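The values are calculated or read from the model by the stated rules, or taken from the named source; none is laboratory data. Model, not experiment: these values are computed from the prediction. Every residue, glycine as well, gets a Cβ built from its backbone with ideal geometry; the counts of neighbours run over all protein chains shown. Heads up: the accessible areas ignore ligands, DNA and RNA and are worked out on the full protein's heavy atoms, side chains in. Shrake-Rupley method; radii C 1.70, N 1.55, O 1.52, S 1.80 Å.
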Amino acid sequence: MGGLVEEIQRDALDPQTSISMLLRKVKLAAVKLQLPAVDDWVSNELQGYATNPVPSYRQIKGTPKAFNPFQGWIPIILEGEQMDFISTANNGQPIAAIEDLVQNRDANIFQQRLSADLIIALNKGADVELGEMANFIPRGSLVAIIDQVRTLILDWAIELEKSGIKGEGMTFKNEEKIAAQANPAINIGSVQTLVGVVGSHNHVRDIVGGNMDVTQIRDLAQQLRLSHDPLVTAGADGPALASAVDGLIIEAEKADPDPKILRGLLTDARSALAGAAGNLLASGAITLIGTLMGG
């Protein structure tokens, strides 16, 4: 009968085995071998790092942008260390949340909102203050986190086997437990390198999908409501615009907005604005609606 360590190795090599399931087996082995450092690391990966510092492999780079209600997402341009600081996205989400994002093969870019304090700091001295900013994260960066965790688990299980620690079924002999606790490479070494302190200014912010951003839609609708009269004067269809805008705001405020309804209402709003296409506000809104709808 094979032991738990060999089972972990086998699962680590199997891309069909989820990292969440693999980590639970590592946790079981760590608890039985009385390796608290490994157990803590697994708990952080499964539950999220919350206020704990994230490991270096969860420190990823994004493209920082700010949301302009009539221009859409525009790049944030800074120099040197400032740019490096705001483009760093420290992700502390549970590994299962990252796996779920990556499973959506239609999404290649994800968003991680910048913290409120950072947005306030970036708005200081600006001609126009923008309330929403985010790092745009490529899908490959999230795949790399998952792949790194899988590799670290495999390395750890190989080190156990090299030290003569295999287990039998779900149990370990006393001498195996003693060997595991006495070997720094197992108890602290490779695992200790996973929890080094990196920047934490943004690590509690979740990364989310980048398609049909409800916050953008709500902001656009609110801006259109405020600009209703000037847009009608410029040629927009007032009743149709008001109806579409009200519908967008109502749907966007729901706990689970329906993308099909949002798309239909955006189409109605764009049609209502067509008569005012020569107006700067209307043109910007039409362009943004196209972006939100993916073309």
Original post:
Length gain on complete extension for the stretch A121 to S43, per 0.36 nm per residue less the alpha carbon to alpha carbon distance?
Top reply: 24.7 nm
Subject >> Computed E for N104/E81 - FRET, C-beta separation, R0 41 angstrom, nearest 0.05 >> reply: 0.75
Original post:
Taking the Cα-to-Cβ direction at S283 and at A255 and moving 7 Å from each Cα, how far apart do the two end points lie in nm?
Top reply: 4.4
Original post:
Within the chain, what's the longest stretch lacking trypsin sites (Lys or Arg not before Pro) that sit in DSSP loops with no more than 11 other Cβ atoms inside 10 Å?
Top reply: 125-253
**OP:** Skip the ligands, DNA and RNA, and give the accessible area per residue of the chain with a 1.4 Å probe, whole Å².
**Re:** 50
Subject >> Entry for semi-axes √(5λ) of the Cα gyration tensor in Å (calculated from the structure that is shown) out of (i) 34, 24, 17; (ii) 43, 22, 16; (iii) 50, 20, 13 >> reply: (iii)
Original post:
To the nearest 10 degrees, how steeply does helix 36-47 sit against the main Cα axis of the chain, on a 0 to 90 scale?
Top reply: 30
Original post:
How many lysine pairs does the chain hold where the Cα atoms are under 30 Å apart and the two sit 8 or more places apart or on different chains?
Top reply: 20
Original post:
Does anyone have the angle between helix 259-273 and the longest principal axis of the chain? Alpha-carbon axes, 0 to 90°, nearest 10?
Top reply: 30
Subject >> Carbon plus sulfur fraction of accessible area for the chain, probe 1.4 Å, in percent >> reply: 53
Original post:
Rounded to the nearest 500 deg cm²/dmol, what is the calculated helix-only ellipticity per residue at 222 nm for the chain, with -39500 (n - 2.57) per DSSP H run of length n ≥ 4?
Top reply: -16500 deg cm²/dmol
Original post:
Any idea what angle helix 280-292 forms with the longest principal axis of the chain, computed on alpha-carbon atoms, 0 to 90 degrees, nearest 10?
Top reply: 30
Original post:
Looking at the range 10-106, which GluC sites (Glu not before Pro) are in a loop (DSSP not H, G, I, E or B) and have at most 15 other Cβ atoms within 10 Å?
Top reply: E79
**OP:** Provide the gained length on full extension for the span I178 to R139, in nm with one decimal, where the gain is 0.36 nm per separating residue minus the Cα-Cα distance.
**Re:** 9.8 nm
